[in-house]
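See below for the structure under consideration.
Every number in this text was worked out from the coordinates using simple rules, so none of it is lab data. Quick caveat: nothing in here was measured; it's all calculated off a predicted structure. Reconstructed Cβ throughout: ideal geometry from the backbone, glycine too, with neighbour counts over all protein chains shown.
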Amino acid sequence: MEVDVLNMEGQKVSTVELPPAIFEALIDVDLMHQAHVRQLTNARLGTHDTKTRSEVSGGGRKPFKQKGTGRARQGSTRAPHWVGGGDIHTPHPHSYALAMPRKMRRAALCSALSAKASDSAIVVVDELKVSEPKTRLMAKALNTLVGDASALILIPAKEAYTDVIRSTQNIPDAKILMAGYLNVHDLLQFDKIVLPLSVLDVIQTNLG
């Protein structure tokens, strides 16, 4: 698939051939959904906790004698049916992690990238830069490149893109992401994918 390469002013400077194995792969909606669910599930901390009858305070002695009161026998006021007693069948810390083979994760990313490419949502720029770290400069460039659409901006590394990162932080419909951390959730969340030419090498190395 051949796409135009633009500069920051939105002018065409050349064309580039996107790797077909990544940007023209089979679009598998079920696989993308599985990868998306896995990513959101794995983000859960699983730190929720409730106290059982052995963890709540009190209840160290029998509340009243066994016989002669006319009441049902009780061994502790910390039993679950007592007010202030322990909880049963309630959450305790555990992992929500879901496993997914690496080949399936890569296939899901290729599927998501192919879906974006088929919708003409891939915007390639020759060089991603701003003259100074100003939000208005980046906002103007994004308005030229993607219009009113939300944008996921991929970069190969942080070091050379400090001004771009700072200029994008206050733009609500844009997000900077290192290409090495590319994921299905972010790909599907944004309307357009903006990437400099140098990012294509990183993506091809990781997914090719």
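Brief remarks on what is shown
- More than 16 angstrom apart: percent of Cα pairs within region 45-95: 49
- Distant-in-sequence amide H partners of Asp126 (H built 1.01 Å from N, under 5 Å): Leu6, Asn7
- Ignoring lysines fewer than eight residues from Lys175 along the same chain, the ones with Cα atoms less than 23 angstrom from its Cα are Lys116, Lys129, Lys134, Lys140, Lys158, Lys192.
- Span from the region 129-173 Cα centroid across to the region 20-80 one, whole angstrom: 42
- Here Arg106 and Arg166 are evaluated by their C-beta separation; at R0 = 25 Å the FRET efficiency comes out at 0.20.
- From the coordinates shown, Cα Rg over 2.2 N^0.38 Å corresponds to which of (i) 1.03; (ii) 1.19; (iii) 1.63: (iii)
- Between 0 and 90°, nearest 10: helix 135-146 axis offset from the chain longest Cα axis: 70
- In a DSSP loop and with at most 14 other Cβ atoms within 10 Å, the chymotrypsin sites (Phe, Trp or Tyr not before Pro) in region 43-117 are Phe64, Tyr96.
- In order through region 69-82: 3J(HN,Hα) via Karplus (6.51 cos²θ - 1.76 cosθ + 1.60), integer Hz, x for Gly, Pro: 9, x, 9, 5, 5, 9, x, 7, 7, 9, 5, x, 7, 8
- Ellipticity at 222 nm from helices only: DSSP H runs of n ≥ 4 in the chain, each -39500 (n - 2.57), divided by the residue count, give -10000 deg cm²/dmol.
- Rounded to the nearest 10 degrees, the inclination of helix 197-207 to the longest alpha-carbon principal axis of the chain is 50 degrees.
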